[in-house]
Ligand SMILES: Nc1ncnc2c1ncn2[C@@H]1O[C@H](COP(=O)(O)OP(=O)(O)OP(=O)(O)O)[C@@H](O)[C@H]1O
Ligand SMILES: [Mg+2]
């Protein structure tokens, strides 16, 4: 098993945001994670990838308030839950965050270069060619300032930057948000291509139908709890699930 999350709970002050969640992702598997706004999807990804700090690690900065974090997160069998985020990145568990978080004053190329801080020059060039092959528009616009890219291009850059870290598992948070249908379709095709290249994907998305058309298995999160899990077919067949959680 590549990722094994067991009985994970995350609380900020007195509010429990993630409540006893267990999820798994196998090598090369495509897994969907869906649920309504505020369900805790982003918090779950942040907890898995080490961006939610343990309470005791958070005494000074306190940017995120008092956080309580329980449960275990294993990646390739190794316990991650007390590991700093940059160590988690080295192991190939990569988070492509919500709202893209690019260096918007820097060029496309420099964003990719900044993303490649684990690679030497030779590896960077190889990865750059792979990323340009997957997203030709990034090559065309290599010298453009990232903040002036269209929404779809920015999302491609964010994913390209994540690929610079050679993920074994790429967790992508709501990549299609705000994109026009045709841009969205194009982006999802690229994400399917990434998955087909052997990278496991954990995709958080509002677009349930498209996500389920690509994913092998899915989890539905609501109010911080898993309410259901299963293959896309199983979940789509369930009238109650469709109505209550999938908006279908
Ligand atoms: N740092 C924080 N401090 C306190 N509460 C937080 C913090 N981060 C998130 N929350 C709360 O946790 C809940 C879950 O938020 P989260 O962003 O994980 O949801 P989500 O499922 O990703 O929602 P969306 O679909 O809107 O992106 C929300 O009620 C949010 O206000
Ligand atoms: Mg979110």
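The values are calculated or read from the model by the stated rules, or taken from the named source; none is laboratory data. What you see is a predicted model; the values in this text were computed from it and never measured. Cβ: placed from backbone, ideal geometry, glycine included. Neighbour counts: every protein chain shown.
In table form, for the structure just shown:
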{"quantity": "Residue match in the stretch 154-167 (condition: touching a residue at least 12 places away in the same chain (Cβ under 8 Å), surrounded by 18 or more Cβ atoms within 10 Å (Cβ to Cβ) and farther than 29 Å from residue 87 by Cβ)", "calculated": "no"}
{"quantity": "Matching option when the condition is touching a helix residue (DSSP H, G or I) at 6+ places or on another chain (Cβ under 6 Å) and either modelled with pLDDT of 95 or more or within 16 Å of ligand 1 (Cβ to nearest atom) (or both), among 139, 168", "calculated": "139"}
{"quantity": "Residue check, residue 198 out of contact with any strand residue (DSSP E or B) (no Cβ under 8 Å at 6 or more places or on another chain), surrounded by fewer than 16 Cβ atoms within 10 Å (Cβ to Cβ) and touching a residue at least 60 places away in the same chain (Cβ under 8 Å)", "calculated": "yes"}
{"quantity": "Condition broken by residue 245, with the remaining ones in (1) assigned to a helix (DSSP H, G or I); (2) away from ligand 1 (no atom under 16 Å from the Cβ); (3) touching a residue at least 40 places away in the same chain (Cβ under 8 Å) satisfied", "calculated": "(2)"}
{"quantity": "Some residue of the stretch 194-205 being part of a helix (DSSP H, G or I) and in contact with a helix residue (DSSP H, G or I) (Cβ under 8 Å, 6 or more places away or on another chain)", "calculated": "yes"}
{"quantity": "Any hit, the stretch 22-35, residues being modelled with pLDDT of 85 or more, away from ligand 2 (no atom under 16 Å from the Cβ), touching a strand residue (DSSP E or B) at 6+ places or on another chain (Cβ under 6 Å) and more than 17 Å from residue 200 (Cα to Cα)", "calculated": "yes"}
{"quantity": "Residue 230 modelled with pLDDT of 95 or more, part of a loop (DSSP other than H, G, I, E, B) and over 22 Å from residue 114 (Cβ atoms)", "calculated": "no"}
{"quantity": "Residues satisfying the stated conditions in the stretch 78-98, i.e. out of contact with any helix residue (DSSP H, G or I) (no Cβ under 9 Å at 6 or more places or on another chain) and in contact (Cβ under 8 Å) with a residue 40 or more places away in the chain", "calculated": "89, 91, 92"}
{"quantity": "Condition broken by residue 93, with the remaining ones in (1) modelled with pLDDT under 95; (2) away from ligand 1 (no atom under 11 Å from the Cβ); (3) crowded, with 22+ Cβ neighbours inside 10 Å satisfied", "calculated": "(1)"}
{"quantity": "Failed item, numbered, when residue 50 is tested on (1) surrounded by 15 or more Cβ atoms within 10 Å (Cβ to Cβ); (2) more than 16 Å from ligand 2 (Cβ to nearest atom); (3) at pLDDT 95 or above", "calculated": "(3)"}
{"quantity": "Scope the stretch 1-37; condition within 10 Å of ligand 1 (Cβ to nearest atom), in contact (Cβ under 8 Å) with a residue 24 or more places away in the chain and under 21 Å from residue 241 (Cβ atoms); matching residues", "calculated": "18, 33, 34, 35, 36"}
{"quantity": "Yes/no for residue 189 being outside any strand (DSSP E or B), at positive phi and under 18 Å from the mean Cα position of the chain (by Cα)", "calculated": "no"}
{"quantity": "When residues of the stretch 211-235 are limited to those that are surrounded by 14 or more Cβ atoms within 10 Å (Cβ to Cβ) and over 16 Å from residue 36 (Cα atoms), the one nearest to ligand 1 (Cβ to nearest atom)", "calculated": "215"}
